[in-house]
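The values are calculated or read from the model by the stated rules, or taken from the named source; none is laboratory data. Predicted model only: the values in this text are computed from it and were never measured. For neighbour counting, all protein chains shown are included, and Cβ atoms are generated from backbone atoms with ideal geometry for every residue, glycine included. Heavy atoms of the whole protein, side chains included, go into the accessibility calculation; ligands, DNA and RNA do not. Shrake-Rupley method; radii C 1.70, N 1.55, O 1.52, S 1.80 Å.
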Amino acid sequence: MAKERIGIMGGTFNPIHAGHIEMALRARDAARLDRVLVLPSGNPPHKTGIAPAEDRWRMVCAACAADRSLTPSRVELDRDGVIYTVDTLSILRQNYPQAELYYIIGSDTLMELRNWRQYETVLRMCSFLICPRATHWSPAEIAAERTRLTAMGGTFQTVRMDVIDVSSTDIRASLESRSPTPLLPLPVREYCLLTGLYGLTARVAQAQAWLPMLFRALSTKRFAHSLAVAYTARHLARTHGLDVNRAEVAGLLHDCAKCLPLADMQRLADEARVTDDPTLRETDRLLHAPVGAYVARRDYGMDDPEVLSAIANHTTGKPGMSRLDMAVFLADKIEPTRPSYPTLDRVRMLAEFSLEKAMIASIEGTAAYVRKGGKTMHPASLRTLAWLKENES
């Protein structure tokens with residue numbers, strides 16, 4: 001049986017950005033890795049002034065959620081004291097005794113290996129995948145150092161890719177100055193804005209309490225989705241003159257009950273009497289919305305009826321739903337990390353001009369998909385569609 005080939009990408013990730021993700025994916029492909037472990041540093045010995053470890057951990061998880069081959073690892077976060085690569089590799093070799101380990105580094109880091117603790121031992125514990133990085137070292141100096149380390153027993157492979165000219169320092173400066181950050185994954189940017197990391201003013205006062213709760217309650221993919229929905233709901237609210245703060249909060253909390261087992265959702269639905277529709281109780285895909293409104297009120301202290309309504313109605317909608325309800329409903333369907341589906345681009349386009357028309361296109365598209373599978377749309381969604389069409393201008 002072939003050994004598993006595991007990449008390792010360590011770093012402060014303060015915050016993680018598109019350059020990190022690109023390096024991991026290119027290295028994965030170049031060395032035919034089965035997966036890449038992404039290891040945020042717990043207490044790096046050479047850096048100060050970094051964001052709290054748990055914030056960086058949640059941002060790493062959100063950034064990696066889009067690709068199953070990227071696996072966040074807490075192997076350095078959950079250790080006390082100063083952490084060195086030689087210790088991390090020792091743990092990973094114990095955890096994956098049959099695996100081949102490949103440490104992903106930039107060409108700038110290659111020139112720093114000689115300063116690592118017990119670097120001669122590190123050279124024998126893994127192979128190295130070198131990604132080009134902007135550096136003051138000349139190509140000749142880098143080549144000479146690689147030759148020297150190879151003679152000491154190191155194994156190196158160059159990853160062919162464009163030079164990545166982006167740094168977390170630049171990202172933090174852009175965030176603080178409110179400049180665009182196109183190389184920051186959208187869920188990570190939203191996390192920073194919500195919590196007020198890196199010199200920002202927190203957009204949601206409760207975010208520092210809510211985000212750990214959401215992270216525990218949801219899968220990492222669903223957590224990243226919720227951050228993207230919060231961003232999109234805010235954008236739609238701004239575009240259509242709605243309350244942007246309510247929209248963002250509703251988007252953030254809209255799936256707070258999504259990952260509960262159906263039996264638990266049904267128990268909570270009975271406890272709170274959130275619906276008298278027996279067919280809604282049959283599937284967690286629909287029931288999590290009204291139950292989510294109850295959980296948002298009970299566990300997150302949300303008492304704004306407009307926010308709770310938007311959460312409760314984001315799956316089926318309802319006749320007479322508010323435009324804030326519509327913005328959150330649509331944000332859930334069109335947020336930027338959503339995998340493509342047949343009507344996605346059309347709904348996104350319409351949402352910029354008319355929430356009502358986008359709602360009609362979205363529900364009709366879902367109905368066509370459901371019919372194709374030999375099923376029928378839930379009556380609540382059909383009632384919403386009929387109401388929208390009756391009131392279409």
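Observations on the structure shown:
- Residues considered: 248, 176. Of these, the only one that is surrounded by 15 or more Cβ atoms within 10 Å (Cβ to Cβ) and not aliphatic (A, V, I, L, M) is 248.
- Breaking point among (1) in contact with a strand residue (DSSP E or B) (Cβ under 9 Å, 6 or more places away or on another chain); (2) at pLDDT 90 or above, for residue 163: (2)
- Scanning the stretch 192-219 for residues that are aliphatic (A, V, I, L, M) and surrounded by 18 or more Cβ atoms within 10 Å (Cβ to Cβ) yields a count of 9.
- Across the stretch 257-278, the qualifying residues are those that are in contact with a Phe, Trp or Tyr (Cβ under 7 Å, 6 or more places away or on another chain) and either part of a helix (DSSP H, G or I) or at pLDDT 95 or above (or both), and the one among them that is farthest from residue 190 (Cα to Cα) is 272.
For every residue, the table says whether it meets (1) in a helix (DSSP H, G or I); (2) among the aliphatic types (A, V, I, L, M).
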| site | (1), (2) |
| --- | --- |
| 286 | yes, yes |
| 290 | yes, no |
| 298 | yes, no |
| 318 | no, no |
| 321 | no, yes |
| 324 | yes, yes |
| 328 | yes, yes |
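- Of all residues in the stretch 117-139, those being farther than 23 Å from residue 30 by Cα, of a type outside the set (Asp, Glu), open to solvent by 60 Å² or more (accessible area, probe 1.4 Å) and out of contact with any helix residue (DSSP H, G or I) (no Cβ under 9 Å at 6 or more places or on another chain) number 0.
- Cβ pairs under 8 Å, 6+ apart, first in the stretch 263-287 and over 19 Å from residue 218 (Cα atoms) and hydroxyl-bearing (Ser, Thr, Tyr), second assigned to a helix (DSSP H, G or I) and open to solvent by less than 60 Å² (accessible area, probe 1.4 Å): 275/269; 275/287; 275/290
- Being modelled with pLDDT under 95, exposed (fewer than 15 other Cβ atoms within 10 Å of the Cβ) and closer than 25 Å to residue 267 by Cα is a property that holds for residue 379.
- Elements of type helices (runs of 4 or more DSSP H) contained in the stretch 12-116, each with 3 or more residues being open to solvent by 40 Å² or more (accessible area, probe 1.4 Å): 18-30, 85-95
- Selected residue (only one of 297, 338, 281 is open to solvent by 40 Å² or more (accessible area, probe 1.4 Å), at pLDDT below 95 and over 22 Å from residue 189 (Cβ atoms)): 281
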